[in-house]
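Read through the structure below, which is laid out as structure tokens, and then see the notes.
The values are calculated or read from the model by the stated rules, or taken from the named source; none is laboratory data. For clarity, every value in this text was computed on a predicted model and none was experimentally measured. Cβ: placed from backbone, ideal geometry, glycine included. Neighbour counts: every protein chain shown. Heavy atoms of the whole protein, side chains included, go into the accessibility calculation; ligands, DNA and RNA do not. Shrake-Rupley method; radii C 1.70, N 1.55, O 1.52, S 1.80 Å.
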Amino acid sequence: MNWLQKLVGPRARSSTTGKGKVPEGLWEKCDGCGAVLYKPELEASLMVCPKCGHHHAIRARARLAAFFDEGSTQELDAALEPTDPLKFRDSKKYKDRIVGAQKQTGEKDALVSMRGTLKGNPLAACAFEFSYMGGSMGSVVGEKFTRAAELALAERMPLVCFSATGGARMQEGLFSLMQMAKTSAALARMRDAGAPFISVLTHPTTGGVSASLGMLGDVNVGEPKALIGFAGPRVIEQTVRETLPEGFQRSEFLLDHGAIDLIVDRREMRDKLAAVLALLMRQPKAA
Amino acid sequence: MNPNFLDFEQPIAELDAKIQELRHASRGQSFNIEDEIATLQDKLKTKTAEIFRNLTPWQVAQLSRHPARPYTLDYVGVICEEFHELAGDRAYADDAAIVGGLGRIAGRSVMIIGHQKGRDTKSKIRRNFGMPRPEGYRKALRLMQMAERFRLPILTFIDTPGAYPGVGAEERGQSEAIARNLLEMARLEVPIVCTVVGEGGSGGALAIGVGDRTNMLEYSTYSVITPEGCASILWKTAERAKDAAEALGMTAPRLLELGLVDKVVREPFGGAHRNPRGMAVRLKAVLLNQLDELGTLQIPALLDKRYQRLRSYGAFSGG
């Protein structure tokens with residue numbers, strides 16, 4: 001990894017990229033400690049560096065596969081696809097951006113949702129795919145999340161969401177903003193019915209997602225050192241015209257300020273959430 | 001250049017100034033200039049109509065932040081027979097970027113919440129240019145929940161560039177404050193009528209914008225991001241804000257067409273700032289009408305309709 005990438009950060013990286021630097025992509029350099037890691041080993045530890053514990057980006061599907069009981073999953077609403085209601089065009093057409101993102105990620109949009117079991121107990125879970133247009137929330141993301149929440153509500157089972165997103169998707173204009181209201185309304189119904197929602201905030205979670213479903217967990221969980229906030233650090237720096245303190249808007253900062261309940265290492269996520277959910281659902285202790 | 005007129009309003013400003021001048025010069029004189037003034041006034045009318053007929057989205061965005069545009073308290077002053085402002089979030093501070101309080105409109109009790117901008121430098125700073133911090137949203141929620149306890153309908157007035165992006169705001173949970181309002185407003189057991197009167201800037205606007213009706217004044221805007229913000233991200237320069245305003249579809253008629261707002265309230269000739277009173281009177285009639293409509297619904301039906309409305313927002317294919 002060169003200095004430029006180091007500055008830009010691990011945002012767009014994923015388990016399938018990183019080619020070119022090292023032959024056959026079998027080796028990956030850790031963004032945290034710089035150690036050269038054997039890729040299958042890194043993947044086996046859920047993209048967490050076995051040496052320093054740095055959490056690299058993980059693909060939505062890999063995340064969900066590692067979270068649910070093996071073989072228990074069924075994908076939800078996989079056919080939903082974005083349209084282009086505004087015929088949006090900047091330097092590129094939104095239509096073309098969709099095609100590009102779909103090709104690059106193999107996903108129809110930036111949220112994957114599934115139902116399955118966690119240590120034998122049924123639940124729904126969804127994960128943002130950050131490499132799909134920065135994990136931005138447009139109509140499809142909002143709709144899939146809402147449907148997952150409605151399913152969880154109907155079956156009185158928990159919902160877990162792993163977010164990794166820059167916020168609302170500009171290219172769908174006010175449709176995107178309204179997804180904040182829609183997803184929050186669905187969560188209000190879950191609250192009324194006593195179906196738990198756990199929000200796992202992973203690196204990075206900002207903007208309209210953080211300011212809606214992201215912060216609305218009955219339990220809010222952060223992954224170590226994840227950037228979590230409303231405004232991005234660059235916008236804040238431009239507004240207040242000063243350099244931000246070290247660690248500002250990181251999980252540990254949010255924990256200190258009372259915004260999240262706990263920080264959980266990705267490798268322990270499954271055990272921890274299973275235990276918390278079993279207690280909330282008044283189920284026997286998970287195995 | 002008259003600073004109280006926008007670039008594209010300058011021809012109006014010039015004619016306006018000419019009329020004033022003539023009036024002034026003719027005072028106490030024997031000759032009659034009424035004919036000339038009448039001609040100029042006709043011209044002013046034609047020119048204004050011409051300019052306002054073909055406004056671009058970027059021009060509308062500028063109108064929505066016009067320095068002379070009426071703000072929440074200006075509306076309250078005309079719409080309400082009485083108003084008692086209530087302050088504070090009971091946890092940290094009072095945020096002057098959001099005002100709220102009890103009002104009486106056509107004899108009925110209502111709770112009023114709105115963004116508030118300042119007119120002069122001092123009040124602009126005090127109001128933080130209408131950009132709330134978490135305590136503003138928490139005050140709004142406190143007042144809305146009070147309204148629920150006393151079964152008062154809620155009227156909100158939206159006019160903000162966005163929630164404030166500052167260090168303190170982040171420390172005190174800007175995201176959580178906005179998110180919680182979205183969740184709670186979806187289930188408040190009283191009618192909520194929201195009106196975008198100026199800038200509807202993103203999550204900072206939506207945080208007092210979830211309800212049973214969404215109105216927009218004709219020259220207000222409602223958007224997921226400011227045109228400047230969008231331009232600096234997608235075009236890499238804020239100077240392309242004009243293009244972003246076009247692309248974002250942020251004007252009232254466009255959003256009505258897309259089914260994202262319920263009603264566009266016509267503005268007086270030349271915009272709300274040319275006749276703030278006329279605008280407020282017009283809006284009052286709309287609000288009373290909507291309160292009547294919503295007042296006939298039982299609470300479960302009201303909440304169900306609200307949910308179905310929010311539920312319907314989205315454009316996608318594949319089921």
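The number of residues in the range B:269-319 that are away from chain A (no Cβ under 14 Å), open to solvent by 30 Å² or more (accessible area, probe 1.4 Å) and in a helix (DSSP H, G or I) comes to 13.
Scanning the range B:1-33 for residues that are of a type in the set (A, V, I, L, M), modelled with pLDDT of 90 or more and loosely packed, with under 15 Cβ neighbours inside 10 Å yields one hit, B:Ala17. Cβ-Cβ distances below 7 Å connect the following pairs, each with a first residue in the range B:213-240 that is closer than 30 Å to B:Ile154 by Cα, a second residue that is open to solvent by 40 Å² or more (accessible area, probe 1.4 Å) and in a helix (DSSP H, G or I), and a separation of six or more residues or different chains: B:Pro227/B:Trp58. Among the residues of the range A:134-145, is any touching a residue at least 60 places away in the same chain (Cβ under 8 Å), open to solvent by less than 10 Å² (accessible area, probe 1.4 Å), closer than 20 Å to B:Gly318 by Cα and in contact with a Pro (Cβ under 6 Å, 6 or more places away or on another chain)? Checked the range A:134-145: at least one residue is touching a residue at least 60 places away in the same chain (Cβ under 8 Å), open to solvent by less than 10 Å² (accessible area, probe 1.4 Å), closer than 20 Å to B:Gly318 by Cα and in contact with a Pro (Cβ under 6 Å, 6 or more places away or on another chain).
Counting only helices (runs of 4 or more DSSP H) that sit wholly inside the range A:209-287, those with at least 1 residues that are modelled with pLDDT under 95 and surrounded by fewer than 18 Cβ atoms within 10 Å (Cβ to Cβ) are A:233-240. Among the residues of the range A:211-249, those that are within 16 Å of B:Gly168 (Cα to Cα) and hydroxyl-bearing (Ser, Thr, Tyr) comprise A:Thr239, A:Thr243. Number of residues in the range A:159-196 that are more than 7 Å from chain B (Cβ to nearest Cβ), closer than 23 Å to A:Lys272 by Cα and over 14 Å from the mean Cα position of the chain (by Cα) equals 5. Every condition in (1) without any contact (Cβ under 8 Å) to a residue 24 or more places away in the chain; (2) buried (at least 23 other Cβ atoms within 10 Å of the Cβ) is met by B:Glu199 except one, and the failing one is (1). If you go through the range B:298-314 and pick out every residue that is in contact with a Lys or Arg (Cβ under 9 Å, 6 or more places away or on another chain), without any contact (Cβ under 8 Å) to a residue 12 or more places away in the chain and more than 20 Å from A:Phe145 (Cβ to Cβ), you end up with 0. Restrict the check to the range B:243-256 and report whether at least one residue is surrounded by 24 or more Cβ atoms within 10 Å (Cβ to Cβ) and in a strand (DSSP E or B). Looking for residues that are surrounded by 24 or more Cβ atoms within 10 Å (Cβ to Cβ) and in a strand (DSSP E or B), one finds at least one in the range B:243-256, hence yes. Being at pLDDT 95 or above, at the interface with chain A (Cβ under 8 Å from one of its Cβ atoms) and outside any helix (DSSP H, G or I) is the requirement here; does B:Leu155 meet it? For B:Leu155, the condition - at pLDDT 95 or above, at the interface with chain A (Cβ under 8 Å from one of its Cβ atoms) and outside any helix (DSSP H, G or I) - is not met.
Got a sec? Which of A:Ala185, A:Ala149, A:Ala195 is open to solvent by less than 10 Å² (accessible area, probe 1.4 Å), in the same structural domain as A:Ala274 (by the TED database), at pLDDT 95 or above and assigned to a loop (DSSP other than H, G, I, E, B)? Show your work before the answer.
Working: A:Ala185 fails: assigned to a loop (DSSP other than H, G, I, E, B); A:Ala149 fails: assigned to a loop (DSSP other than H, G, I, E, B).
A:Ala195 is the lone residue from the list that is open to solvent by less than 10 Å² (accessible area, probe 1.4 Å), in the same structural domain as A:Ala274 (by the TED database), at pLDDT 95 or above and assigned to a loop (DSSP other than H, G, I, E, B).
Taking first residues from the range A:230-248 that are in contact (Cβ under 8 Å) with a residue 40 or more places away in the chain and partners that are assigned to a helix (DSSP H, G or I), the Cβ contacts under 9 Å between residues at least 6 apart in sequence or on separate chains come to A:Gly232/A:Gly207. Residues that are within 11 Å of chain B (Cβ to nearest Cβ) and hydroxyl-bearing (Ser, Thr, Tyr) were ranked within the range A:197-242; the one that is farthest from A:Asp271 (Cα to Cα) is A:Thr239. Scanning the range B:96-114 for residues that are surrounded by 21 or more Cβ atoms within 10 Å (Cβ to Cβ) and closer than 21 Å to B:Glu148 by Cβ yields B:Ile98, B:Val99, B:Gly100, B:Val110, B:Met111, B:Ile112, B:Ile113, B:Gly114.
Every condition in (1) of a type in the set (Ser, Thr, Tyr); (2) more than 12 Å from every other protein chain (Cβ to nearest Cβ); (3) open to solvent by less than 10 Å² (accessible area, probe 1.4 Å) holds for B:Tyr219 except the one numbered (3).
In the range A:150-172, the residues that are touching a residue at least 40 places away in the same chain (Cβ under 8 Å) and farther than 17 Å from A:Arg189 by Cβ form no Cβ pair under 6 Å with any partner that is basic (Lys, Arg) and part of a strand (DSSP E or B), whether six or more places apart or across chains.
Considering only the range B:170-191, state which residues are part of a helix (DSSP H, G or I) and more than 7 Å from chain A (Cβ to nearest Cβ).
Restricting attention to the range B:170-191, the residues satisfying the condition of being part of a helix (DSSP H, G or I) are B:170-171, B:174-187.
Once the filter is applied, which keeps residues that are part of a helix (DSSP H, G or I) and more than 7 Å from chain A (Cβ to nearest Cβ), the range B:170-191 yields B:Ala177, B:Arg180, B:Asn181, B:Glu184, B:Met185.
Restricting the search to the range A:138-158, which residues are within 10 Å of another protein chain (Cβ to nearest Cβ) and of a type in the set (A, V, I, L, M)? Across the range A:138-158, the qualifying residues are A:Val140, A:Val141. Pairs linking a residue in the range B:156-180 that is over 12 Å from A:Ala259 (Cα atoms) to a residue that is among the acidic types (Asp, Glu), with Cβ atoms under 7 Å and 6 or more positions apart or on different chains, are B:Asp159/B:Glu199; B:Thr160/B:Glu199; B:Pro161/B:Glu199.
Taking (1) away from chain B (no Cβ under 11 Å); (2) under 24 Å from B:Val210 (Cβ atoms); (3) surrounded by 24 or more Cβ atoms within 10 Å (Cβ to Cβ) in turn, A:Ala125 satisfies each apart from (2). Please find, within the range B:34-84, the residue that is least open to solvent (accessible area, probe 1.4 Å) out of those that are modelled with pLDDT under 95 and hydroxyl-bearing (Ser, Thr, Tyr). By that ranking, first place goes to B:Thr48.
Could you list all residues from the range B:54-107 that are in a strand (DSSP E or B), of a type outside the set (Lys, Arg) and touching a residue at least 24 places away in the same chain (Cβ under 8 Å)?
Of everything in the range B:54-107, those that are in a strand (DSSP E or B), of a type outside the set (Lys, Arg) and touching a residue at least 24 places away in the same chain (Cβ under 8 Å) turn out to be B:Phe83, B:Ile98, B:Val99, B:Gly100, B:Gly101, B:Leu102, B:Gly103, B:Ile105.
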